[in-house]
Each structure stands twice: as C-alpha cells, then as structure tokens.
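Just so it is clear, none of the values below were taken in a lab; they were calculated from the coordinates. Worth saying up front: this structure is predicted, and the values here are computed from it rather than measured. Virtual Cβ from ideal backbone geometry, glycine too; neighbours counted across all protein chains shown.
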Amino acid sequence: MAGKHDIIAGSLIQDILSGHYRVSERLPSERDLAARFDANRGAVREAMKKLEQIGLAEVQPGGARVKKTEDASLDVIGHMLAQGDLPDPTLVDQILMVINSMVSMAAQQTLELASDEEIAAIRALIKPLIHGELSKEAHTLARFELMESFMSASRNLPLRLIARTLFEQVAPNLTAIHPFAVIDNSRYRDFALQLDTALAQRDQEGVRNSFTDFSNLNQETMMRAFDTARAAVAQEALAP
C-alpha cells in the first residue's frame, strides 16, 4: 500500500510531466501540500526528497522549483511512460533503440572477451528461437535471456547497469501493449540462425548485422502493437 509521501510525490510528478508546473516554477509550499493531501510536514518532505532524487525538482531554502526533464535521472522514464492509457510510442521506440544498441555493443565485446564455453552457452539460448514453436510469452522470455547473456559475457558493468535500469523502467509499462503484439516466428528464426552462425565464426560484422535485423524487427513489432492498441482504445471510447 502506497504511503502518504508516495501519493504526494506521484501526484506532483504527474503534474510536472503533464506541464501543470513549468520549468523553474515554484512548487506549492510544504504547508499547502500538507493541507491538500491531509498529510504531515514529514510526508511532504519525503515526497520532495523523492522528486529531488529523480531530478524533477530542486529543493531550496525558499521552496522547491521544477527542473528540466532533460536534467532528470533515468528513473523519470518509468513515470513518463505511465502517463495516459498507453505509454508514449515515440518514447518507447527511442528506449528500444538505445537498449538494442547497447546489446549490440555488448555482443561485439563478447566476441572479443568470451571463452568458447561462454559462446557455446549463448548459442544454446538461441536454439529455441531457431527450432522451437514458442508461445508469445516464451518467445519474449527467450529473447530477454539472450540479451542478458550478452550483457553478462561482455564484462561491461556500466553497460549492464544502464540497460537493466532502462529495461526495468519500460517493461512494466508495456503490459497494456503486450496482448496486441504479434510475433513473426519465421523472421525471428531467420535472424536467430544468422546470429548463431556469426557467433560460431566469431564474425563481428555478422553479429552487428544480425542485431540490426533483430532491432528493426523488435521495433516494427512494437509499433504495430501500438497501432492495434490505439485502435482498440479508440473503439472502446466510442462504445455506448
């Protein structure tokens, strides 16, 4: 159950992200917020601390002021995606581009650093994508495990931390879109086979090209799901 400070912080975050408060504008005083939410000053201060940690506000002696979203931490991504009935497809597309680029970078570093045993273990994770007729849930899990394996084998800790943070921000906000996603098993199978061959040969260019194909298909799949979801939401809104 959300505490009072979480409720206050959530409301203020939504107000800031929706443009109710502009950059450099002063947020309501502790007294006003305490009255508005029927809370004590301690809960208000905890809420302000959360806004400051996310990077959406700067707490000063005279009160708190709104900061630019561009200056916020990665933790703001989840709050931005939670605005509205469906997450912003442009933002999701941008996040997927970043994650896919980082996984591609990790895969190339894996070829340089991983042992033959590690390469074999990664290739074993590709097999279900090549040979299996997977359900949508199993296919999604298989792709996630494959990405995780490359991140781990790359030995690149900053890359792993940033990618995981982004994924943890975006994944919970895609639950409304997931039912509308249609997985093209045949195309994924072709790209998985291409990736497996490149790994077996430790072919840097082949791995890079494989991840480009994977990335394009991931984004294409997600954007189609968004189109279908938006149509369903619009139809539901028109229903009597």
Legend entry - Amide H partners (placed H, <5 Å) of A64, local residues excluded: L27
Legend entry - Per-residue HN-Hα couplings for the stretch 225-234 [Karplus 6.51, -1.76, 1.60; θ = phi - 60°; Hz; x = Gly/Pro]: 5, 4, 4, 5, 5, 4, 5, 5, 5, 5
Legend entry - Additional length obtainable on full extension of the chain from H178 to V98, 0.36 nm per residue less Cα span: 26.8 nm
Legend entry - Cα-projected label distance for D15 with R224, points at 7 Å along beta-carbon direction, nm: 4.3 nm
Inset, instruction - First check a/c for the stretch 1-84, with a ≥ b ≥ c the square roots of the eigenvalues of its C-alpha gyration tensor; if it is under 1.5, answer rounded, and if not, answer prolate when a/b is larger than b/c or oblate otherwise. - result: oblate
Legend entry - ³J(HN,Hα), Karplus 6.51/-1.76/1.60, whole Hz, each residue of the stretch 206-221, x for Gly, Pro: x, 5, 4, 5, 4, 6, 4, 5, 4, 4, 4, 5, 4, 5, 4, 4
Legend entry - Residue-by-residue Karplus 3J(HN,Hα) for the stretch 136-151, coefficients 6.51, -1.76, 1.60, Hz, glycine and proline x: 4, 5, 5, 5, 4, 5, 4, 5, 5, 4, 5, 4, 4, 5, 5, 4
Legend entry - Full-extension gain in nm, A171 to R36, via 0.36 nm per residue minus C-alpha separation: 45.3 nm
Inset, instruction - State whether the stretch 155-228 is rounded, prolate or oblate according to the following rule on the C-alpha gyration tensor (a ≥ b ≥ c being the square roots of its eigenvalues): a/c under 1.5 gives rounded; otherwise a/b larger than b/c gives prolate, and the remaining case gives oblate. - result: oblate
Inset, instruction - Estimate the FRET efficiency between A82 and R187 by the formula 1/(1 + (r/R0)^6), using the beta-carbon distance for r and 35 Å for R0, to the nearest 0.05. - result: 0.65
Inset, instruction - Within the stretch 77-172, report the GluC sites (Glu not before Pro) that DSSP leaves as loop and that have at most 10 other Cβ atoms within 10 Å. - result: E133
Inset, instruction - Only Lys, Arg, Asp and Glu count, each charged at its Cβ (+1, +1, -1, -1), so figure out the dipole size of the stretch 4-71 about its Cα centre, rounded to 20 debye. - result: 140 debye
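Counting each DSSP H run of 4 or more residues in the chain as -39500 (n - 2.57), what helix-only mean residue ellipticity at 222 nm follows after dividing by all residues, to the nearest 500 deg cm²/dmol?
Details: 10 runs with 166 residues, N = 240.
Rounded to the nearest 500, it is -23000 deg cm²/dmol.
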Legend entry - Stretch gain in nm, segment T69-N216, where the contour uses 0.36 nm per residue and the Cα spacing is subtracted: 50.1 nm
